[in-house]
Amino acid sequence: MFGSFAFLEDVTKFPNKRTHTIPMSIAWHYMKNGAQTGPATTDEVKSLIASGAIKADTMVWREGLASWVAANTQPDFAGVVPPAAPPPPPAVAGAAGGPGVFTPDAADVEQNKVFGILAYLPPLLFLVGLITARQSKFAMYHCNQGLVLTLAAIAVGIANMILGMVLVFIPFLGWFLMTVLNLGIFVGIIVLVVMGIINAVNGVCKPLPLIGNRFTLIK
């Protein structure tokens with residue numbers, strides 16, 4: 001190429017090339033998807049940035065520049081802003097937020113938070129919310145988890161008792177295993193109770209690990 005213009009090859013030989021020339025003084029080259037692209041006019045690069053096809057800080061070069069520079073550092077592209085990403089949609093009361101999760105109404109939470117907390121406290125205090133706040137989705141969510149947790153604790157306790165009747169016949173090792181199992185069950189239940197109470201205090205409807213998303217006994 002010679003002179004101040006970049007001429008294109010014969011269109012019959014290179015049909016996909018440009019059919020017009022761009023003065024080298026305004027012919028921009030830019031990086032896109034890791035590859036050098038161009039030449040393009042200032043307006044074309046502006047349109048690419050404005051449409052989001054390339055980023056505002058895309059590396060560009062043209063004759064007269066010592067090296068590649070970010071487009072947003074050049075006066076030619078000042079004020080060209082790529083389209084902003086839309087904000088996340090607002091949470092909708094009762095909308096699902098994941099498996100077993102939903103966003104309760106703020107007023108429902110404020111009025112019935114105490115019933116959500118009581119749902120995890122023994123003995124059977126989930127019945128208080130079940131009777132008093134039957135119309136509250138927030139209270140019923142936590143009453144359901146309180147009931148499921150109670151039933152799970154009873155079932156595990158029965159299974160542990162049966163297993164203990166077998167382990168008692170194993171000298172030393174049987175007693176050791178019984179102690180470990182009893183401690184593990186006790187700690188596990190306490191952890192689930194605390195997690196449920198924390199969720200209720202924070203106004204969150206989130207299933208407890210292992211058991212919270214498996215059964216819906218109260219709606």
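The values are calculated or read from the model by the stated rules, or taken from the named source; none is laboratory data. Just so it is clear, the structure is predicted and the values come from calculations on it, not from any experiment. When we count neighbours, we look across all protein chains shown, and the Cβ atoms used for this are built from the backbone with ideal geometry, even at glycine.
Within the option set GLY64, GLY79, being at pLDDT below 85 and at positive phi holds for one residue only, GLY79. From the list ALA70, ALA85, ALA91, the one residue that fits, being at pLDDT 85 or above and either closer than 30 Å to PRO39 by Cβ or not assigned by TED's automatic domain parsing to the domain that holds VAL45 (or both), is ALA70.
Of all the criteria given as (1) of a type in the set (A, V, I, L, M); (2) assigned to a helix (DSSP H, G or I); (3) within 29 Å of ALA107 (Cα to Cα), the one not satisfied by LEU208 is (2).
When GLU44 is tested against (1) more than 30 Å from PHE138 (Cα to Cα); (2) at pLDDT below 90; (3) not in a loop (DSSP other than H, G, I, E, B), exactly one condition is not met: (2).
Of all residues in the range 66-84, those that are surrounded by 14 or more Cβ atoms within 10 Å (Cβ to Cβ) have Cβ atoms under 7 Å from Cβ atoms of residues that are assigned to a helix (DSSP H, G or I) and among the basic types (Lys, Arg), 6 or more apart or on another chain, in PHE77/LYS46; VAL80/LYS46. If the condition is being surrounded by 14 or more Cβ atoms within 10 Å (Cβ to Cβ) and of a type in the set (Lys, Arg), then the range 100-135 contributes only LYS113. Mind checking whether some residue in the range 171-180 is at pLDDT 90 or above and small (Gly, Ala, Ser)? The answer is no, given that none of the residues of the range 171-180 is at pLDDT 90 or above and small (Gly, Ala, Ser).
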